[in-house]
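Note sheet for the following structure.
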Amino acid sequence: MIVAVVPAYNEEQEVGNVVRNTLPFVDRVLVVDDGSTDNTAQVARDAGAVVVAHAINRGLGASLGTGIKSARKIGGKKIITLDADGQHLAEEIPLFVRALDGHEVVLGSRMIEMKGNMPAFRRAAQRVGNMLTYVMFGLMVSDSQSGFRGFSAAAADALEIKTDRMEVSSEIISEIQKSGFKWTEVPITAIYTEYSLSKGQSFTVGIKTALKLFIHRIKS
Ligand SMILES: Nc1nc2c(ncn2[C@@H]2O[C@H](COP(=O)(O)OP(=O)(O)OP(=O)(O)O)[C@@H](O)[C@H]2O)c(=O)[nH]1
Ligand SMILES: [Mg+2]
């Protein structure tokens, strides 16, 4: 069974489209409603998703942790994570499904073929994120902060997500490094809209995330 996991925080505007576009490529879409204060959960359910909810907002890391474990519980053997704000194209899911036949982890990279309309300042921020992740955890990948990923059942079961917020993306890279999982990258398209840019990550969040990662690195 192929299960898509979609972490969502106040995404009532886009999550319905993401669920409808994703359903043709998977067996189940599991939306993690991360303590949204809008109608994210109902919109997702009406669109055909299985919804798991956090009572309060806990962050992307906590949402991915909940989503991946829940996907395994409902029988997911191949688990694909994608964002709820429309940044990722569902029609690229088969790239991950195929690559999971020979790999435990598949990372969707926006930096291989530069497809889509990611703003230049975001690209620069991604490169900084890649470098920091490499310096802290010793594994260089072309898009460490990408939310479009694929996990095998073994990788999903072995993955221990300890960080709650945006640090999770680099933490997953450190888990790949530690575990020795066979991994690969596939080129993906990044769709940025006025909507996703208006609510996306700020520079300050980036700095905070880097500091929290550094502390996580020291502790681990
Ligand atoms: N911002 C934020 N997003 C969350 C949270 N919990 C879950 N998410 C979801 O995590 C995904 C990524 O969040 P975004 O805010 O789009 O972050 P991003 O994609 O790294 O940043 P952009 O490149 O600016 O879009 C989205 O599907 C969010 O709905 C949370 O507490 N805060
Ligand atoms: Mg986004």
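The values are calculated or read from the model by the stated rules, or taken from the named source; none is laboratory data. The model shown is predicted, which means the values in this text are computed figures rather than measured ones. So basically every Cβ, Gly included, is an ideal-geometry build from the backbone, and we count neighbours across all protein chains shown. For the accessible areas, the whole protein counts, side chains as well, though only heavy atoms, and no ligand, DNA or RNA atoms are used. Shrake-Rupley method; radii C 1.70, N 1.55, O 1.52, S 1.80 Å.
Numbers for the structure displayed
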{"quantity": "Cα-based Rg / Dmax (Å) for region 78-147", "calculated": "12.9, 35"}
{"quantity": "Residues of region 1-25 with amide N under 15 Å of a point placed 7 Å along Cα→Cβ from Val50", "calculated": "1-7, 23"}
{"quantity": "List Tyr195, Tyr134, ordered by accessible area with a 1.4 Å probe, largest first", "calculated": "Tyr134, Tyr195"}
{"quantity": "For region 21-84 versus region 156-177, the gap between their alpha-carbon centres in whole angstrom", "calculated": "17 Å"}
{"quantity": "Region 2-219: C-alpha pair distances exceeding 24 Å, %", "calculated": "36 percent"}
{"quantity": "Contour minus Cα-Cα distance for Lys115 and Thr204 (0.36 nm per residue)", "calculated": "29.4 nm"}
{"quantity": "Neighbour net charge for Asn57 - beta-carbon separation under 11 angstrom, K R +1, D E -1", "calculated": "-1"}
{"quantity": "Residue with peak Gaussian network fluctuation, the chain [Cα springs, cutoff 10 Å], from Glu167, Glu194, Glu92", "calculated": "Glu194"}
{"quantity": "Rounded accessible area of Asp157 (nearest 10 Å², 1.4 Å probe)", "calculated": "90 Å²"}
{"quantity": "Lys, Arg +1 and Asp, Glu -1 on Cβ, resulting dipole of the chain about Cα centre, debye, nearest 20", "calculated": "620 debye"}
{"quantity": "Whole-angstrom gap from region 186-220 to region 112-138, using each part's C-alpha centre", "calculated": "10 Å"}
{"quantity": "FRET efficiency, 1/(1 + (r/R0)^6) with R0 30 Å, evaluated for Met1 and Tyr134 via beta carbons", "calculated": "0.30"}
{"quantity": "Relative contact order of the chain, defined on C-alpha pairs under 8 angstrom at six or more residues apart (%)", "calculated": "23 percent"}
